[in-house]
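Everything on this sheet refers to the single structure shown next.
The values are calculated or read from the model by the stated rules, or taken from the named source; none is laboratory data. Note that this is a predicted model, so its numbers are computed, not measured. Here the Cβ is made from the backbone with ideal geometry for all residues, glycine too, and neighbour counts use every protein chain on show. In case anyone asks, the SASA skips ligands and DNA or RNA and just uses the protein heavy atoms, side chains included. Shrake-Rupley method; radii C 1.70, N 1.55, O 1.52, S 1.80 Å.
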Amino acid sequence: MPTILRGARFPSTMSRGFMAPRASSPENPLRLAVLISGSGSGLATLLKHQQNKSCAHKTVIVISDKTDAGGLGHAERYGVPNTSIPLSMRISGLERRIEQESRVLDAIEESGAELVVLSGYMRILTADFVSRWKGRLINIHPSLLPLFPGAHAHEDVLAEGVDESGCTVHLVDENVDTGPILAQQTVPVHKEDTVDSLSERVKKAEHVLYPDVLDRFCRNPLSFDIGWSVDINQL
Ligand code: GRF
């Protein structure tokens with residue numbers, strides 16, 4: 001059964017290729033690129049949080065892989081540069097995935113972003129993308145990792161019949177939902193829950209947790225408590 005080791009600090013992750021962002025402040029906030037695919041309720045909460053004068057990060061670009069993502073409207077409302085970069089219709093397979101990703105990487109670089117946040121971005125990144133941003137690439141996942149990784153966390157939670165779920169903010173590594181954990185918040189699962197009701201409850205927790213975790217991480221990444229999800233059978 002996987003478990004989480006807590007208490008590591010950022011330097012201990014460097015041997016695994018993670019590079020910390022600079023420590024930021026409200027006077028010199030860390031510049032974020034936020035990647036989305038859908039409604040962007042998390043993005044909306046983040047942008048609202050960034051209106052706060054004591055916030056140590058600001059969003060400099062929002063990128064969606066879907067042209068009709070509702071989240072792009074939130075970026076518009078807050079006057080944040082935004083763009084959609086969908087998969088090309090002209091090519092297919094791995095080539096198509098790599099081409100789209102390279103346009104995303106270019107847009108991030110042009111924006112001057114220093115940290116990338118996956119806020120409901122429904123594409124799996126290639127190892128090349130991850131290696132360029134490792135340590136400065138954060139994901140919000142709607143379960144208590146290492147439990148229920150993948151794209152159908154709520155379905156899997158309900159099928160398993162557990163009475164607790166939650167959300168996880170973590171650094172991204174080359175595998176899916178396995179990177180070092182920055183913070184988690186639990187929520188109850190009720191017997192009558194549907195995917196929608198559970199998702200709504202988890203999102204409420206996410207919206208409190210992740211702007212705050214970003215604040216603390218951006219201010220002092222080198223002393224942030226980092227947990228690893230590991231398989232104790234391999235220790
Ligand atoms: C969130 O539940 C997040 O954990 C997951 O995707 C969902 C995004 O929702 N990765 P929204 O687009 O921010 O409303």
If every Lys and Arg gets +1 and every Asp and Glu gets -1 at its Cβ, then about the Cα centre the stretch 122-180 yields a dipole, in debye to the nearest 20, of 460
Would you check the accessible area of Cys167, probe 1.4 Å, heavy atoms only, in square angstrom rounded to 10?
-> 0
Count the net charge of all other residues whose Cβ sits under 14 Å from the Cβ of Val213, scoring Lys and Arg as +1 and Asp and Glu as -1.
-> -2
Using just the C-alpha positions of the chain as equal point scatterers, what log10 of I(q)/I(0) does the Debye formula give at each q in 0.08, 0.11 1/Å?
-> -0.28, -0.55
Hey, what did the stretch 85-211 get for relative contact order, percent, Cα under 8 Å, at least 6 apart?
-> 20
For the chain, what is the accessible area per residue in Å² when the probe is 1.4 Å?
-> 49
Of Glu109, Glu101, Glu155, ordered by accessible area with the largest first and a 1.4 Å probe, the sequence is Glu109, Glu155, Glu101
To one decimal place, what Kirkwood hydrodynamic radius in Å is obtained for the stretch 57-172 from all pairs of distinct Cα atoms?
-> 15.8
Candidates Ile140, Ile36, Ile91, ranked by Gaussian network fluctuation over the chain, Cα under 10 Å, top entry | Ile91
List the extent of the Cα atoms of the stretch 16-112 along each of their three principal axes, largest first, rounded to whole Å.
-> 45, 35, 22
Calculated from DSSP H runs of 4 or more alone, at -39500 (n - 2.57) each and per residue, what is the 222 nm mean residue ellipticity of the chain, nearest 500?
-> -10000 deg cm²/dmol
From zero up to wherever the largest Cα-Cα distance of the stretch 125-235 sits, split into 5 Å bins and tell me the percent of pairs in each.
-> 2, 12, 22, 21, 19, 14, 8, 2, 0
Note down the net charge around Phe148, summing +1 for each Lys or Arg and -1 for each Asp or Glu among other residues with Cβ under 10 Å from its Cβ.
-> -4
At the level of C-alpha centres, the distance separating the stretch 43-75 and the stretch 77-145, in angstrom, is 15
